[in-house]
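Everything on this sheet refers to the single structure shown next.
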Amino acid sequence: MQMFRSGLVGLLALLFTGVLQAGTPDDPLNSVMWDYTRKIFLGDADYRFEPRIKVEVPAFAEDPAQVPISIDASAFAGEIERIVVWADLNPIQHIFDYYPIKNANGRVSLRIKVQQSTAVRAAVLTKSGSWHIGYAQLEAAGGGCTTPSMGNADPYWQSHLGEVQARRFSNAEGEGSRLKLRVIHPMDTGLVDAIPEFYLQQLELRNGAGEVQIRMELSQPVSENPVISFDLDEDTTGYTLWLRDNGGNEFTRPL
């Protein structure tokens, strides 16, 4: 009986271990930081790696303070609650959260800072409560997060802080439009001696009725003078852009 019980316990342990392993698939990029960052951003939630989520990065980023990345989760359009983007090996890993609340899909692009070559992740939370992970390996020169912003050597930004330039384009698929905007802001990380962190934290795109269509939560690794693009499902005009930085400054711009 004792031997039977021991065998049963061992069998249950193996089955339980198998369930855990099934719920935690191996990282395709074999990043040493995957388990750590997964716990931070996903907790104990189930997830799967998803090839339909595209994370586009350059073959090699020569300027680590201005690295273009694009996230395309349009395969899940209409089902997206939130997209979380981070870089495994950055000293500040979180880059942004993106909420396509209404009349927006899962395409968003911007420029980021990286400290070294790193895995870049885009985790998409769908309305079913499931996480789907897209990823790319970014090869880069080092030091993007610990380099002073250009604005610190140029007083221009102090008198133009929060200025917005924006353009809308026809979508490549022929439906809706793409909005591209640039905001004057130093986006200091706080990782440079004697330069405190100073960065845009919140972005909202509102329609003519004041309803939020897109919301973003930004972190320090977004590049100086952010250039951000996202796709809209319609060509409606009358949008307003609202931004707020960690210093409490708010900026509003009709588009």
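Couple of notes before you dig in:
- Model label points for residue 197 and residue 177, set 7 angstrom from Cα along the Cα-to-Cβ axis, are 3.5 nm apart.
- Label-to-label distance, nm, for residues given as residue 211 and residue 137 (7 Å Cα→Cβ offset): 4.5
- Sorted ascending by nearby beta carbons within 10 Å, beginning with the fewest, 164, 222 become 164, 222.
- The lysine pair count for the chain, using Cα distances under 28 Å and pairs eight or more places apart or on different chains, is 11.
- Residue (of 176, 162, 93) at the positive-pole extreme of the chain, dipole from beta-carbon charges: 176
- Take every pair of alpha-carbon atoms less than 8 Å apart whose residues are at least six positions apart; their mean separation over the length of the chain yields a relative contact order of 18 percent.
- Per the Debye formula on identical point scatterers at the alpha carbon atoms of region 28-254, with no solvent, log10 I(q)/I(0) at q = 0.09, 0.10, 0.13 Å⁻¹ is -0.35, -0.44, -0.75.
- Cα gyration tensor category, rounded, prolate or oblate, for region 77-184 with a/c compared to 1.5: oblate
- Theoretical gain in end-to-end length, residue 249 to residue 60 [0.36 nm per residue, Cα-Cα removed]: 64.5 nm
- The distance between label points at residue 127 and residue 170 comes to 3.1 nm (points 7 Å beyond Cα on the Cα→Cβ vector).
- Rel. contact order, % - alpha carbon contacts under 8 angstrom, at least six apart, region 76-161: 29
- Every Cα-Cα pair of region 207-255 was included, and the share exceeding 13 Å stands at 69 percent.
- Degrees, to the nearest 10: 2-23 long Cα axis against longest axis of the chain: 20
- Cβ-based charge dipole, the chain, positive-most Cα from 128, 247, 34: 128
- Of interest is the spacing of the C-alpha centroids, which for region 52-113 and region 205-251 amounts to 15 Å.
No lab work stands behind these numbers, since they all come straight from the coordinates. Since this is a predicted model, take the numbers as computed values, not measurements. Backbone-built Cβ (ideal geometry, glycine too); neighbour counts: all protein chains shown.
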